[in-house]
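Report on one structure; see the data block that follows.
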């Protein structure tokens, strides 16, 4: 049902084709590209990703930097239902692109039936993690922290729900799988009633200070002029206890984090193993740690808040259109890497798309697919198509009538609140300068609009053959696409008009 829906809503026409059986499983924009170049995707290629052991598959996609106890995890991930978690402290209003790599690990496991526990650090966020930082985090007001906790909690839930549905449109095998459970946790649940003396007496004896001092993040701060506060020094203990609590209470076996979290993850594994020896427990399951690589471009540029180039997954902070444009402008060298990491398209499909891209890089096939994939993954299926249409209308010389339906263009621009409505009689009988004056809502005067039209700065549609130099020109039925859509361009600005009866 979902695949049929995607194919229907993705009915824009890159090329006029008939879909092959294998490509019918894919969104139409990708099927069209492959068909245009006589490339067929077989049904076996969709199955291949899920026939491969998950640890091998994640390494192939470049999602694993290090794996603690990898050999045993390789076996257990195929034979058992495991529990995984990764955490995020509420240090900002939104998760960003760099945060998504650990979530992609959880997503791949979840699609194969494993249980996942995204964790918001409602308690640990008050302390601050020194990992990967040269200075101490600034204190945050309680009201702001609570707001961030609520926002990121919702982002966790929305991301995994949307990502599963997105995956079903990229690989029909996912629709037939038994998806694992998804359960959001807040570590304030177990820290709010934990007394300091009780923690020291019960768990302190099992924590080795020499190991804490050996962590790279701690050594770096100790040797700096600023030093490190006791709060940040003990953060690794808090994170280690989180893993222990989740393992004991919810049978979580795997912690996933960024590569700067390796020391904290190992501390959690060590604490779990030490406490198993002294507790009267029947837990005999192994525990594991996975770190993801730092997200950088091929030029070594880091993504994130500290780097000042964060792409947030909250639409209020980074719109889907901005994500589309950023990915569309990705360098050729990064296309395959980002598609492997963030797309749920089968690896073999990605390889063929990249091969096509490399044959003629000026067409930017790879960037176009990447941009659509990222929008659909983060904001839901269909967002990529909408922003593709907007981008093509605004920046491409391709003819709108030949490539899109009027409804597709209107729907895309309505999502961005960029459509103005005009009555049909008004459009057909009013001089164009007056229509433009109403459309621009007074941003330009009537005399300025007339001058721009006379100077050749106005056109109907997005191609130069639609230029009009008469301010008193009246729109005709031929100018209106499918009796509903009118595209006007004055200077560098487009006005998308819905013609209504």
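Where a number appears in this text, it was derived from the coordinates with a stated rule and is not lab data. Since the structure is predicted, the reported quantities are computational estimates derived from the model, not experimental observations. Note: ideal-geometry Cβ built from the backbone for every residue, glycine included; neighbour counts use all protein chains shown.
Relative contact order of the chain: what whole-number percent is it, with Cα pairs under 8 angstrom and at least 6 residues apart?
Here the relative contact order equals 16 percent.
Based on alpha-carbon centroids, what's the gap between the range 427-450 and the range 58-133 in Å, whole number please?
Here the answer is 54 Å between Cα centres.
Please say if the chain is rounded, prolate or oblate, where rounded means a/c under 1.5 for a ≥ b ≥ c the square roots of the C-alpha gyration tensor eigenvalues, and otherwise the choice is prolate for a/b larger than b/c and oblate otherwise?
Note, shape of the chain comes out prolate.
Under the rule a/c < 1.5 gives rounded, and otherwise a/b versus b/c splits prolate from oblate, where does the range 305-395 land using the Cα gyration tensor?
Prolate, because a/c is 1.5 or more and a/b exceeds b/c.
What order do you get for 79, 376, 158 when you list them from fewest to most C-beta neighbours inside 10 Å?
Fewest to most other Cβ atoms nearby, the residues stand as 79, 158, 376.
Given a Förster distance of 22 Å, report the FRET efficiency between residue 276 and residue 80 from their Cβ-Cβ distance, rounded to the nearest 0.05.
So the FRET efficiency works out to roughly 0.80.
Among 114, 25, 37, which comes first, then next, by fewest other beta-carbon atoms within 10 Å?
The most exposed by this proxy come first: 37, 114, 25.
Quick one: helix 235-250 against the long Cα principal axis of the chain, what's the angle to the nearest 10°, folded into 0 to 90?
Computed tilt is about 90 degrees.
By how many degrees, 0 to 90 and rounded to 10, does the Cα axis of helix 70-79 deviate from the longest principal axis of the chain?
Orientation of helix 70-79: about 70 degrees from the principal axis.
Would you kindly state how much longer the chain becomes between residue 44 and residue 161 on full extension, computed as 0.36 nm times their sequence separation minus their alpha carbon distance, in nm to one decimal?
Between residue 44 and residue 161, full extension yields an extra 39.5 nm.
With runs of 4+ DSSP H residues as the only contributors, calculate the mean residue ellipticity of the chain at 222 nm using -39,500 (n - 2.57) per run, divided by the residue total and rounded to the nearest 500.
Calculated at 222 nm, the ellipticity per residue is -14500 deg cm²/dmol.
Given R₀ = 45 Å, what would the calculated FRET efficiency be for residue 143 paired with residue 443, taking r from the Cβ atoms and rounding to 0.05?
With a Förster radius of 45 Å, E is 0.75.
Quick check: residue separation of residue 285 and residue 397 times 0.36 nm, minus the Cα distance between them. What number comes out in nm?
Separation in residues times 0.36 nm, less the Cα-Cα distance, equals 34.3 nm.
Please give, to one decimal in nm, the separation of the simple spin-label points placed at residue 351 and residue 71, each 7 Å out from Cα toward the Cβ.
Roughly 2.8 nm, to one decimal.
Given the Cα-Cα distance of residue 493 and residue 455 and 0.36 nm per residue of separation, how much length would full extension add, in nm?
Extending this stretch completely gives an extra 12.1 nm.
Report the relative contact order of the range 427-497, percent, no decimals, based on alpha-carbon pairs under 8 angstrom and at least 6 residues apart.
Reported relative contact order: 33 percent.
Which of 181, 319 has the fewest other C-beta atoms within 10 Å, and how do the rest follow up to the most?
Lowest to highest Cβ neighbour count: 181, 319.
Just check the range 367-500 against the gyration tensor rule for me: Cα atoms, a ≥ b ≥ c as the square roots of the eigenvalues, rounded for a/c under 1.5, and otherwise prolate or oblate depending on whether a/b exceeds b/c.
It is prolate, given that a/c is not under 1.5 and a/b is the larger ratio.
Set the Förster radius R0 to 25 Å, insert the Cβ-Cβ distance between residue 56 and residue 183 as r into 1/(1 + (r/R0)^6), and round the FRET efficiency to 0.05.
0.40
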